[in-house]
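A.B. asks: Have a look at the structure that comes next, please.
The values are calculated or read from the model by the stated rules, or taken from the named source; none is laboratory data. Bear in mind that the values here come from a model prediction, so they are computed numbers and not experimental data. Ideal geometry is used to build each Cβ from the backbone, glycine not excepted, and the neighbour counts take in all protein chains shown. The accessibility values were calculated without ligands, DNA or RNA, using every heavy atom of the protein model including side chains. Shrake-Rupley method; radii C 1.70, N 1.55, O 1.52, S 1.80 Å.
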Amino acid sequence: QVQLVESGGGLVQAGGSLRLSCAASGSILSVNTMGWHRRAPGKQRELVAAITSGGSTNYADPVKGRFTISRDNAKNTVYLQMNSLKPEDTAVYYCTAEIRIKYHFTSDDYWGQGTQVTVSS
């Protein structure tokens, strides 16, 4: 009933930039916190950044000052602007959203399918 569709991944040289987008669609009543996680090869998945419906943000230490998360509540879309990319940012990036769907009393966490980001040195 809910889909999260990501776009914007790809291959970029170190120092470059990419912008990820993720749009939520379906029988949505409300969208609370949205965020981005990533899983690098051989590593555990980690939170990159998150943003509440009111616009409060938090970032993982490795990306502070380089990545910016934002959202468009009218479009149920979250963005991740990634600047000064480093090879260690290479990972599959997943969009997440806490969504309450119609006729449900509670919210659930939904995940996108993932988009590959590769940063070459």
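A.B. asks: Residues with beta-carbon under 9 Å from that of L29, excluding L29: net charge, scoring Lys, Arg +1 and Asp, Glu -1?
C.D. replies: Values: positive: R100, K102; negative: none.
That sum, taken over residues with Cβ under 9 Å, equals +2.
A.B. asks: Could you sort D72, D109, D89 by their accessible area in this structure, using a 1.4 Å probe and putting the largest first? Show your work: numbers first, answer last.
C.D. replies: Numbers: D72 45, D109 115, D89 0 Å².
Most to least solvent-accessible, the answer reads D109, D72, D89.
A.B. asks: Counting Lys and Arg as +1 and Asp and Glu as -1, each charge on the Cβ, what is the dipole of the chain about the Cα centre in debye, to the nearest 20? Display every interim value, and only then the final one.
C.D. replies: Numbers: 12 positive and 9 negative charges, 21 e Å.
Here the chain has a charge dipole of around 100 debye.
A.B. asks: Near K102, which lysines are there with a Cα under 22 Å away, not counting those fewer than 8 places off in the same chain?
C.D. replies: K75
A.B. asks: Mind checking which of Q44, A14, S56 is farthest towards the positive end of the chain's charge dipole, using Cβ charges of +1 (Lys, Arg) and -1 (Asp, Glu) about the Cα centre?
C.D. replies: A14
A.B. asks: Can you compute the modelled spin-label distance between E88 and N32, with each label point 7 Å from Cα toward Cβ, in nm?
C.D. replies: Placing both labels 7 Å beyond Cα along the Cβ direction yields 3.2 nm.
A.B. asks: Can you tell which of I101, T115, F67 lies farthest toward the positive end of the dipole of the chain, using +1 and -1 charges on the Cβ of basic and acidic side chains (Lys, Arg; Asp, Glu)?
C.D. replies: F67
A.B. asks: Also, I was wondering about something else. So which trypsin sites (Lys or Arg not before Pro) in the stretch 30-89 pass both tests, a DSSP loop state and at most 16 other Cβ atoms within 10 Å of the Cβ? Can you show the working numbers first?
C.D. replies: Details: sites: R38, R39, K43, R45, K64, R66, R71, K75; in loops: K43, R45, K64, R66.
Of the trypsin sites (Lys or Arg not before Pro), the ones in loops of the stretch 30-89 whose Cβ has at most 16 other Cβ atoms within 10 Å are K43, R45, K64, R66.
A.B. asks: Which order do L29, L85, L18 take by accessible area at a 1.4 Å probe, largest first?
C.D. replies: Numbers: L29 100, L85 5, L18 30 Å².
Ranking L29, L85, L18 by accessible area, largest first, yields L29, L18, L85.
A.B. asks: Continuing with this model, one more query. Given R₀ = 25 Å, FRET efficiency for D109-K75 by Cβ-Cβ distance, to 0.05? Intermediate results must be reported in sequence, preceding the final value.
C.D. replies: On the way: r = 20 Å, r/R0 = 0.79.
Here the calculated transfer efficiency is 0.80.
A.B. asks: Roughly speaking, what is the stretch gain from Q116 to R39, that is 0.36 nm per residue apart minus the C-alpha to C-alpha distance, in nm to one decimal?
C.D. replies: Details: separation 77, 0.36 × 77 = 27.72 nm, distance 0.96 nm.
Between Q116 and R39, full extension yields an extra 26.8 nm.
A.B. asks: List the lysines whose Cα sits under 22 Å from the Cα of K64, skipping any in the same chain fewer than 8 residues away.
C.D. replies: Correct list for K64: K43, K86.
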